Amino acid sequence: MIRPHGDKPYHTGVAVPIFSLRTEHDFGIGQFSDLKVLAEFVKRSGMDIIQLLPINDTTIFMNWKDSSPYRAVSVFALHPIYLNLSPYIDELSASLKKQYASEKKSLNQLKQIDYEKTLALKWKFAGEIYKKSGKAILGSKKFDAFFLENQAWIKPYVAFCYLRDHFVSADSANWDKKYEIYSESVWIDLMSDSKIADQINLSLMVQYLLHLQLKEAVDFCHSLGIAVKGDISVGVDRKSADAWANPDLFNLDMQAGAPPDPFSAVGQNWEFPTYNWDKMAEDGYDWWTRRMKSMAEYFDAYRLDHILGFFRIWEIPATAVRGLLGHFSPALAMPDWEIENYGIPFRAWGIERFTEPFIKDWVIDEYFGRDNRDYIVSQFLDYTGDGNYRLKAFVDTQRKVESLADTPDWLIEGLYRLHENVIFVRDHQNQFMYHPRIKMLETLSFREFGDEFKHKLERLYNDYFYGRNYGFWEEQAYKKLPAIKGATDMLACGEDLGMVPDNVPNVMWNLQILRLIIERMPADGDFVSDLVYTPYLSVVTTSSHDTTPLRMWWEEDRAFTQRYYNEIMHWGGEAPQFAEPEIIQEIVKRTLNTEAMLAIIPLQDWLDMTGDLRIENPAEERINNPEHTYHYWRYRLHLNLEELRDNEGLTDFYHQFIANTRRSKNE
C-alpha cells in the first residue's frame, strides 16, 4: 500500500494501457495476464508502480469505435477483450486448437491492434470454452460467491449485453418496449428462456474468468512489491448498462465534454450524459461508493479522470456536436438585468442578437468564401431583414448538420461555425438565464460591435470566467469528493489539467488528492510548468495518452523546441531536429528529480531513452488524439515484454538512471 510520506516517500513507475502490451502468449492485444511479465520488467528496472488506462467493457458501437477505454458500457464490468483464452484451449477439439493457433499467429504479426477481429475471435473461442466447461465453472461455489457479491451490477450488465447483441443496438429505445428500462422482471423474463439464458451465462462466465485473471496478475505484482494504479473515467456512455439500469442518476439530454484547451480549439464533446448529482446525493453517492469498492479489488491507487468535473462539468446540449456551445454546470448564470448592469443593451437590442447565430453577408464570406455566398444563402439560410439571416430548419442544430449526407468537410465546418457565432448561451436549467459563450471574444459576432461595447463585453467575460464561480464550485467539490475518496483506502490522484480554477489545488491538497503535473502543459499560462516547484502531493510525467509522446512533441513546433532547448534545458546552440536519446534522457531526468511523490513515465518515453529499442516512426507511438471524438485506440508495443524483461543491459540502465535522481532518497 502506497501512502504519502510513507516508509518509501518517492515512487517511480511506468504508464501503459493493457491493450498496448505485447507478449509471446497474446492473442492480438494485451491481456490481464501480461501484467506479470510487465511487473518483472518494472521490478528489475528499479521501479515500483504500474499505471493503466480504464479496463472496463466499452462495447457500444460494436466496431472499432469501442476501442476507446473511456466510453464504458459498465464501470464495473471488465473488458472481454483482455481475457487470456490460452489456459482453456487444450479442452477444445484439434481443429479448433489449430484455428486458434493460426489466428493468434496472424494477429500477433500485426503492428497495431485489429480491434474488431480480435474481439470477435475471442468471443467465438470463449463460446466454445463455455460449451465445454461453462457448466462446471458456473456451478462452482467460488462463482456463486462472486455472483452474489456483484449481482447488483452484473445482472443488468449481462442482460444489457444480450439485448444489445439481439437488437444490434446499444440504444434501449430500439428494443422492445418492455426492455426500455432495466428491472428485476426483465432479468426473470430473459432467464426463463433457456437459449437466452445460455448466452447470458456465457457473459457471466467471461466476467468471472476476467476477475480471476486480473486478481491473479495483481497479486503477482504485489508479491514483487509493485503497486498497480487504475484509471476512473469521467463518465459512462448514454447507451450503457449503467444508464439503462439507473437512468435517474444521469442527465441523458446533456453531454459532458471540455472547453477549448491545447488539445482542441473547439472544445471536446465526449458525448457522455452528465451526472445528476442531486439524485446521487440522496443515498450518499451509493453508486460511486460501489464503483470505488469495485476498483479497490484490483488497484492500490487510481487516477480520477477530469477531477474538475467534480467541481463543475462542461455541459453541452444534445443538439450540439462541438464543445463551444456548452457551459459549466453547475454555474451561477446571469439574468438579463445583470448583463445590462455592464452597460450592454441586452433586451433593448433584442436578446436574439446575443443568443442566436449572427449571420450577415460578410460573415458568410469569412466562413465560406465570397464565391460560395449565393450558394450558402440559397441552400441553407432564410433572410430575416436588415441584412440578417437565420439557418433553415433542416440545419438549425449542429446534429442536423452532422447528419447531412455527401457534404464536403469545408461546408460542414462552416455551418458549425455559424451555429457557434453567438455571444451568450442559455442556461440548460433555466432558459431565461445566460452564460457568456466560451471564447466569444474571438467570434465574428463580437467583432461587429464597436469598441465601447467590446470593452464592456470583455469585462463581463473576464468577471464571469475568472472568479465568479470559484467559491460555488469549491462547495460542490467538498460535497462529492470526500464521500468518493473515503469509500476506499486507495491512493487518490486527480487529472487536473485544462482550465483550472485557482482554488482547485488547495481543495486537492486538503483532501490529500495528488495533482497531475506535465511540464509542457502549464496551468498558469507560463511557457512551461516550472518543475522546481512541483509539490510533493503530485504525479509528475512527461506525456499522457492524450498528448504526443516526447519524440513526436519535439518535432511539432520548431520555435517552441528551440526555446525549450535553450531556456529550460539550458543547452546552447541550435536545437537538434530530432529528439535523440540524450534529449529524452535529460527530460526524463529532470522529471524524476522533482519533489513529486509519484513519477510515472509512459513506456514509450522510457524506450525512447535508448537508441536501439526505440521505434523508427515516433508518430506510431501515439495512443489518442483528443481532437477526434472517435479515435482508433490501437497502439501496441513493437517489442515483446519478455524481450525487455530479459535485457539485463536495459534494466540495469534504468535501475542506475533512477538511482542517480531524487528517487534515490528512498534508500
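Below is a table of values for the structure above.
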quantity	calculated
Residues of the stretch 371-384 satisfying the condition of being hydroxyl-bearing (S, T, Y) and in a helix (DSSP H, G or I)	Y375, S378
Any chance L497 is among the hydrophobic types (A, V, I, L, M, F, W, C), in a loop (DSSP other than H, G, I, E, B) and in contact with a Leu (Cβ under 7 Å, 6 or more places away or on another chain)	yes
Test: K400 is surrounded by 14 or more Cβ atoms within 10 Å (Cβ to Cβ) and not hydroxyl-bearing (S, T, Y)	yes
The lone exception for T547 - which of (1) assigned to a helix (DSSP H, G or I); (2) polar (S, T, N, Q); (3) under 29 Å from the mean Cα position of the chain (by Cα) it fails	(1)
In the stretch 1-37, residue nearest to T548 (Cα to Cα) [restricted to those that are among the small types (G, A, S) and in a loop (DSSP other than H, G, I, E, B)]	G30
Candidate set from the stretch 163-194 (those that are assigned to a helix (DSSP H, G or I) and of a type in the set (A, V, I, L, M, F, W, C)); member that is surrounded by the most Cβ atoms within 10 Å (Cβ to Cβ)	L163
Within the stretch 466-496, tally of residues that are more than 24 Å from the chain's Cα centre (by Cα) and buried (at least 19 other Cβ atoms within 10 Å of the Cβ)	1
R520 vs. criteria touching a residue at least 24 places away in the same chain (Cβ under 8 Å), among the basic types (K, R), in a loop (DSSP other than H, G, I, E, B) and crowded, with 16+ Cβ neighbours inside 10 Å	yes
Test: residue in the stretch 362-384 that is under 20 Å from R322 (Cβ atoms) and charged (D, E, K, R)	yes
Considering residues of the stretch 533-577 that are of a type in the set (D, E, K, R) and either farther than 27 Å from P626 by Cα or out of contact with any helix residue (DSSP H, G or I) (no Cβ under 9 Å at 6 or more places or on another chain) (or both) only, the residue surrounded by the most Cβ atoms within 10 Å (Cβ to Cβ)	D546
Cβ-Cβ under 7 Å pairs, at least 6 apart or on other chains, the stretch 271-284 side in contact (Cβ under 8 Å) with a residue 40 or more places away in the chain and within 12 Å of F250 (Cα to Cα), far side part of a strand (DSSP E or B) and among the charged types (D, E, K, R)	T274/E315
Residue list for the stretch 207-253, filter: assigned to a helix (DSSP H, G or I), of a type in the set (A, V, I, L, M, F, W, C), within 30 Å of I316 (Cα to Cα) and touching a residue at least 40 places away in the same chain (Cβ under 8 Å)	A241, W244, A245
All positions within the stretch 262-307 that are in contact with a strand residue (DSSP E or B) (Cβ under 6 Å, 6 or more places away or on another chain), farther than 30 Å from F527 by Cβ and not aromatic (F, W, Y)	E271, P273, T274, N276, M295, D300, A301
Those residues of the stretch 645-654 which are in contact with a helix residue (DSSP H, G or I) (Cβ under 7 Å, 6 or more places away or on another chain) and either surrounded by fewer than 17 Cβ atoms within 10 Å (Cβ to Cβ) or over 17 Å from D48 (Cβ atoms) (or both), in sequence order	L650
In the stretch 413-462, residue surrounded by the most Cβ atoms within 10 Å (Cβ to Cβ) [restricted to those that are of a type in the set (A, V, I, L, M, F, W, C) and within 17 Å of W362 (Cα to Cα)]	L418
L92 vs. criteria over 24 Å from P626 (Cα atoms), outside any helix (DSSP H, G or I), aliphatic (A, V, I, L, M) and touching a Lys or Arg at 6+ places or on another chain (Cβ under 7 Å)	yes
The stretch 25-40 - residue that is surrounded by 24 or more Cβ atoms within 10 Å (Cβ to Cβ) and of a type in the set (A, V, I, L, M, F, W, C) and, of those, nearest to R3 (Cα to Cα)	A39
Neighbours by Cβ (under 8 Å, 6+ apart or cross-chain): first from the stretch 85-97, touching a residue at least 40 places away in the same chain (Cβ under 8 Å); second among the polar types (S, T, N, Q)	Y88/S133; E91/S133
Residue check for A599: closer than 28 Å to W270 by Cβ and touching a residue at least 24 places away in the same chain (Cβ under 8 Å)	no
Answer from K229, K293 - the residue that is on the phi < 0 side of the Ramachandran plot and touching a Leu at 6+ places or on another chain (Cβ under 9 Å)	K229
Q562 being among the polar types (S, T, N, Q), more than 30 Å from K117 (Cα to Cα), more than 25 Å from the chain's Cα centre (by Cα) and assigned to a helix (DSSP H, G or I)	yes
Test for A579: is it of a type in the set (A, V, I, L, M), at pLDDT 95 or above and part of a loop (DSSP other than H, G, I, E, B)	yes
Answer from F143, F160 - the residue that is closer than 24 Å to K65 by Cβ, surrounded by 11 or more Cβ atoms within 10 Å (Cβ to Cβ) and aromatic (F, W, Y)	F160
Filter result for A101 (under 22 Å from the mean Cα position of the chain (by Cα) and either buried (at least 17 other Cβ atoms within 10 Å of the Cβ) or closer than 25 Å to H25 by Cα (or both))	no
Residues of the stretch 586-631 satisfying the condition of being over 19 Å from V16 (Cβ atoms) and surrounded by fewer than 21 Cβ atoms within 10 Å (Cβ to Cβ)	E586, K589, R590, N593, E595, G611, D612, E616, E627, H628, T629, Y630
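For (1) free of Cβ contacts under 8 Å to residues at least 24 places away in the same chain; (2) part of a loop (DSSP other than H, G, I, E, B); (3) under 29 Å from R3 (Cα atoms); (4) of a type in the set (A, V, I, L, M), each residue gets a yes or a no:
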position: E567; (1), (2), (3), (4): no, no, no, no
position: I583; (1), (2), (3), (4): no, no, no, yes
position: R590; (1), (2), (3), (4): no, no, yes, no
position: Q604; (1), (2), (3), (4): no, no, yes, no
position: D612; (1), (2), (3), (4): yes, yes, no, no
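The values are calculated or read from the model by the stated rules, or taken from the named source; none is laboratory data. Predicted model, so just to flag it, every value in this text is computed and none were measured. Neighbour counts run over all protein chains shown; Cβ positions are idealised from the backbone, glycine included.
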